[in-house]
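Peer 1: Questions regarding the structure given below will be posed in turn.
Throughout, read-outs are computed from the coordinates displayed, never taken from laboratory work. It should be emphasised that the depicted structure is a prediction, and the values quoted were computed from it without experimental measurement. Every residue, glycine among them, receives a Cβ derived from its backbone with ideal geometry; neighbour counts consider all protein chains shown.
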Amino acid sequence: MIGINSFNHEKLKSLKNFESYHFYGLIPPEEAEDADHYNIPAMMSDIQSKLAAFNGSVDAIVTYIDFPISMMTPLLRQQYGLLSPSLESILKCQHKYWSRVVQKEIVPEAIPGFSPVNPFADDPLATVDIAFPLWLKPVKSVGSYLGFRIKNRKEFYRAIGVIRQYIGRMAEPFNAIMDRADIPDDIGK
């Protein structure tokens, strides 16, 4: 289990036949949830080393932690031949733009307008084709981190400045995982 903590370990005790299972902690929760120090290659290497050193069968790889662990588990499960959703299916849910594109294909009448925005473009607002007020969220983020409700141009450009400053915190580890996936050209990396 990646990032197992005492709270979730107590939840696991409610499983039928709990005593017949062995939960092996792969990385501590404080490391798995430390957004300021996500190093995907190092985390993957550490987990893979611990799994290789484990003297028993690996029957499942699970976590209670969302980003980035939820995106790493399909890669690890595949390596051990375990059932898992594909990395691409997880990314379709996590990547805000890709998710909207898929939703628009399936239920177009239920999806509000959306536009991709490059926060580093000379004029990021030039590609936006929806009216204010709007929500501005990085496509590679977690929860509402760097998400802003925007009422006008001034708020838009102020939010773009904040996003430019802090987007790497989530985008860099997100990109490290996306580099391992088959991403459609229209979604981009």
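Peer 1: Can you tell me the length gained on complete extension of the stretch GLU105 to TYR166, counting 0.36 nm per residue apart and subtracting the Cα distance?
Peer 2: Net length gain for the segment: 18.8 nm.
Peer 1: Note down the net charge around GLY113, summing +1 for each Lys or Arg and -1 for each Asp or Glu among other residues with Cβ under 12 Å from its Cβ.
Peer 2: Cβ neighbours under 12 Å give a net charge of +1.
Peer 1: Sticking with this structure for a sec: Given a Förster distance of 25 Å, report the FRET efficiency between GLN78 and SER115 from their Cβ-Cβ distance, rounded to the nearest 0.05.
Peer 2: Approximately 0.15, to the nearest 0.05.
Peer 1: How high is the relative contact order of the chain? Use alpha-carbon pairs under 8 Å, at least six apart in sequence, and give a whole percent.
Peer 2: Here the relative contact order equals 18 percent.
Peer 1: Indicate the helices, whole DSSP H runs only, in the chain that combine a mean Kyte-Doolittle hydropathy of 0.0 or more with a Cα extent along their long axis of 18 angstrom or more.
Peer 2: 40-53
Peer 1: Can you divide the C-alpha Rg of segment 110-178 by 2.2 N^0.38 Å and report the result to two decimal places?
Peer 2: 1.10
Peer 1: How big is the dipole moment of the chain about its Cα centre under a simple scheme where the beta carbon of each Lys and Arg is +1, that of each Asp and Glu is -1, and everything else is neutral? Debye, nearest 20, please.
Peer 2: 520 debye
Peer 1: Net charge within 13 Å of PRO41 by Cβ-Cβ distance, Lys/Arg positive one each and Asp/Glu negative one each, not counting PRO41 itself?
Peer 2: Net local charge, PRO41 excluded: -2.
Peer 1: In whole Å, how far is the Cα centre of segment 5-64 from that of segment 146-180?
Peer 2: 30 Å
Peer 1: Please work out, to two decimal places, the log10 of the ratio I(q)/I(0) at q = 0.14, 0.16 Å⁻¹ from a Debye calculation in which every Cα of the chain carries one identical scatterer.
Peer 2: With no solvent term, the Cα-only Debye profile gives -0.88, -1.06.
Peer 1: If you take the charge dipole of the chain about its Cα centre, with +1 on Lys and Arg Cβ and -1 on Asp and Glu Cβ, which of PHE132, PRO29, ALA110 is farthest toward its positive end?
Peer 2: In the chain, that residue is PHE132.
Peer 1: With the calculation restricted to Cα positions, what are the radius of gyration and Dmax of segment 6-84 in angstrom?
Peer 2: Using the Cα atoms of segment 6-84, the pair Rg, Dmax is 13.0, 38 Å.
Peer 1: Counting other Cβ atoms within 10 Å of each Cβ, which chymotrypsin sites (Phe, Trp or Tyr not before Pro) in segment 43-126 have at most 16 and sit in a DSSP loop?
Peer 2: PHE54, TYR80, PHE120
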